[in-house]
Amino acid sequence: RGGAEEPVIPFAQPGSLTRVYCVASGKGGVGKSSVTVNLAVAMAARGLSVGIVDADIYGHSIPRMLGADGRPTQVEKMIMPPSAHGVKVISIGMFTPGNTPVVWRGPMLHRALQQFLADVFWGDLDVLLIDLPPGTGDIAISVAQLVPNAEILVVTTPQQAAAEVAERAGSIALQTRQRVAGVIENMSWLEMPDGSRMEVFGTGGGQAVAESLTKSIGSEVPLLGQIPLDPRLRENGDAGTPIVQAVPDSAAAKVLAEVATKL
Ligand code: ADP
C-alpha cells in the first residue's frame, strides 16, 4: 500500500471503554488546568484509572500542579508516563529541552499528540483528560481527528467577556461533531468571613455558555458545577497537592469532586 503506517490509538478503536474528555477554554487563566488536575485526582480517588495529556503548549503546568516531578522513561518502544496521586500524566513540557521556549507548529503538535496517544503506555484507562491550549486552535481539531469520540468540557469564569470566548471554544464541537459533556464555571465567587459571597468576576457566565451551546448544538449541554475562588486551590496547585485531596472539605473541593462523579 505504500506510505507510512498510521500509529494505532487505542482510545479511538471501536469498543474502547476509555472515556476521553478534552478540557477547553476560550482564554488562558480561567483555571482549566487546575480543574483538569482536580477532576483527575478526584476520579482516581474513587478507584478509576485516569490519565492526563497536557497539550497546553502555552501553560504545560499540569505536572507541577499534580506533583508529578518524574520524567517519562522508555521501555522498548513505549513511553512510560510519570504519575502522582494515582494519575498518569504526559506533558508537552516534558519533551522541551530545559526551559527553552519551543515554537510548536501545527503539524509538529499533531505528531506530538499522536505520539502521546499511541506510544505512551497508559494501560487500561477508564478516563483520559486532555488539557487543550486556550482558544479554538489547531490542536482541538487534531484531537477530534485522532480521537473522534472524545467529548468536550468547557471551563469558563462568570465574566461575560470570558463566556463569549468560551462559547466559541465550545462551538468547535459543531465542526468536529463531538459531544459537549458540559460547562464548568470557575472562580464563581469568594466566600466572605460573614458567609456572604463576593462575586469578583460577575455572574452568569457558566449558565450563559451552557444555554447558548445547548441552542447551537441542539442537545442539552449542562452546567456541571460552579467552583468558588479559594486561595488554597492555588496554593495547593503550586505545591503539587491538589485541593480535592489536600482540603477535601472545602467548598471548592466538594464541587470538583461532585463534578467528577458526573463524568
Ligand atoms: P488555565 O489553565 O486556564 O490557564 P490555571 O489552572 O493555570 O488556568 O489557573 C490560573 C491561576 O489561577 C493559577 O494560579 C491557579 O492556581 C489559580 N486558580 C484557578 N482556579 C482558582 C480558584 N477557584 N481559586 C483560586 N485560584 C484559582
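The values are calculated or read from the model by the stated rules, or taken from the named source; none is laboratory data. Small disclaimer: the values here were computed from a predicted structure and weren't measured. Using ideal geometry, Cβ is built from the backbone for each residue, glycine included, and neighbour counts are taken over all protein chains shown.
Here are some notes:
- Pairs with Cβ under 8 Å, 6+ apart, first in segment 33-50 and over 14 Å from Asn236 (Cα atoms), second among the basic types (Lys, Arg) and crowded, with 23+ Cβ neighbours inside 10 Å: Val50/Lys88
- Residues (farther than 17 Å from Ile184 by Cα and either β-branched (Val, Ile, Thr) or within 16 Å of the ligand (Cβ to nearest atom) (or both)) located in segment 5-34: Val8, Ile9, Thr18
- Which numbered condition Glu258 fails, given (1) buried (at least 22 other Cβ atoms within 10 Å of the Cβ); (2) modelled with pLDDT of 95 or more: (1)
- Taking strands (runs of 3 or more DSSP E) as the structural unit, those lying wholly within segment 9-121 and holding at least 2 residues that are β-branched (Val, Ile, Thr) correspond to 19-25, 50-54, 73-75, 87-91.
- The sole residue among Ser16, Ser33, Ser49 that is crowded, with 17+ Cβ neighbours inside 10 Å and more than 26 Å from Thr157 (Cα to Cα) is Ser49.
- Per-region count, segment 229-240, residues closer than 15 Å to Asn186 by Cα and over 18 Å from the mean Cα position of the chain (by Cα): 4
- Number of residues in segment 204-238 that are away from the ligand (no atom under 15 Å from the Cβ) and in contact (Cβ under 8 Å) with a residue 12 or more places away in the chain equals 12.
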